[in-house]
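The structure appears right after this line, and notes come after that.
The values are calculated or read from the model by the stated rules, or taken from the named source; none is laboratory data. Bear in mind the structure is a predicted one, so any value in this text is a computation, not a measurement. Remember, those area values only see protein heavy atoms, side chains included, never the ligands or the DNA or RNA. Shrake-Rupley method; radii C 1.70, N 1.55, O 1.52, S 1.80 Å.
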Amino acid sequence: MNIRLIVVLYIMLLTIPAQGQRRHVQKAQRVKKISPEEQERLEKLERMKSAMQKVMIIDSMVVDKDGFLKYYHLSPETGTIKDGDDFTHEKRHDGYFVYLNEIGNKFFFSKQETDSTSNLYYRESDNVKWSEPIRLVGINDEHQFRHVNYPYMMGDGTTFYFAADGGKEGLGGYDIYMTTYDEEENRFLRPVNIGLPFNSPANDYLYVIDEYANLGWFATDRNQEDGKVCIYVFVPSEKRITYNIEDYTPEEINGYAQISSISDTWDDKELLSQALQRLEEVRKSQKPQDHSSDFSFIINDDITYRQLSDFKLRENVIRYQQLSALRNRQANLNQSLERTRDAYATASRKKRRAMMEDILSDEQEVLMLHQETHNLEKAIRNSENTFLTKNK
């Protein structure tokens, strides 16, 4: 063999590993580095997946973000939600929202602070004038949020939802939180992120439970182009039921978390059909069967109230709203109990043990709700009769 050829081959053998090593180094350099903040968010997302709530989403619609509120078809008894500009008849274009309770004597709103952050306030009326804005205590006392907006108070007067960004529990953008009002302390308890699938790394907000139609609503801009949002309608659950991640593949769990397909959540056709019918009713502005503005409440042998304006005492209007919410909760729980009992008949022995605990717990709660509604009915009836007697 020619000595020159041998030298050339030897040089080629020496250079091949070096070139491969350079390609390996270059490839390693192209791997995207994850920031500590992003790593923390990913870990938080994985933790939330293991506790993700199981929820039936019956409808979705993509609409323009400007004016998206008009696509929320809510029963009148839930109160009124308005864009701040529409409520104040001013054109500030600040994107803040207002929730006015059904009897119209108290409203919650978001207000910008001098440092450009925002917090929630309320004002209430004594039938003559509105109070000065009062900041909600307990919501953002530690300044954990940059912006707090989209308030909504449930009919019980204690359960409160809002959206905020910047919190340690958040996934990114606005997240939906829930808190409870402590009447004795005159403050709200520590807010809790309601988790997946309602929240995401995008903006999620305006979570509303319509107890009279038994439907829930929330909006998100996940997977949407600029200027668009998706509104989801779901069936509220009396009990928080989570996915058992061992029964699903990682791809399926990710699909539920991202709401890849709402039809994947339709595991109860009868429940779905009933919910779609209620949705159609509220969209047509028809009153659901148990609509509280068309009711019959016996005060005494001679007097029966049939609308909220019949009540003489303002506190009884609130009490009746609470009574309606309790009745709806009791009816929904009874339906859930029936479904669990039906499933119990064909379940395995292992699942029956878990179901039995749920059945006993639900039965106990039904009895408790029955007593609560009875006591509330009695309190309303007695106070109205006392007022009527004194003002004859």
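Binning the C-alpha pair distances of segment 151-268 at 5 Å intervals from 0 yields a P(r) profile of 2, 10, 18, 23, 20, 16, 8, 3, 1, 0 %, listed from the shortest bin outward. Please report the carbon-and-sulfur percent of the accessible area for segment 288-392; probe 1.4 Å, protein heavy atoms only, DNA, RNA and ligands left out. That share works out to 47 percent. Over all orientations, segment 247-365 has a Cα convex hull whose mean projected area works out to 11.6 square nanometres. Computed in the context of the full set of protein chains, the accessible area of segment 63-216 at 1.4 Å probe radius has 47% of its extent on carbon or sulfur. Computed from the alpha carbon atoms alone, the convex hull of segment 117-207 holds 104 Å³ per residue. The residues of the chain have, on average, 60 Å² of accessible surface per residue, using a 1.4 Å probe with all protein chains present. Based on the Stokes-Einstein relation at 10 °C and a viscosity of 1.306 mPa s, and on the Kirkwood radius from alpha carbon pairs, segment 220-267 is assigned a translational diffusion coefficient of 125 µm²/s.
Hydrophobic, long helices, defined as DSSP H runs whose alpha-carbon span along the helix axis is 30 Å or greater and whose mean Kyte-Doolittle value is at least -0.5, occur in the chain at 3-30. When the Gaussian network model of the chain links Cα atoms closer than 10 Å, the mean-square fluctuations of Trp266, Trp217, Trp130 top out at Trp130.
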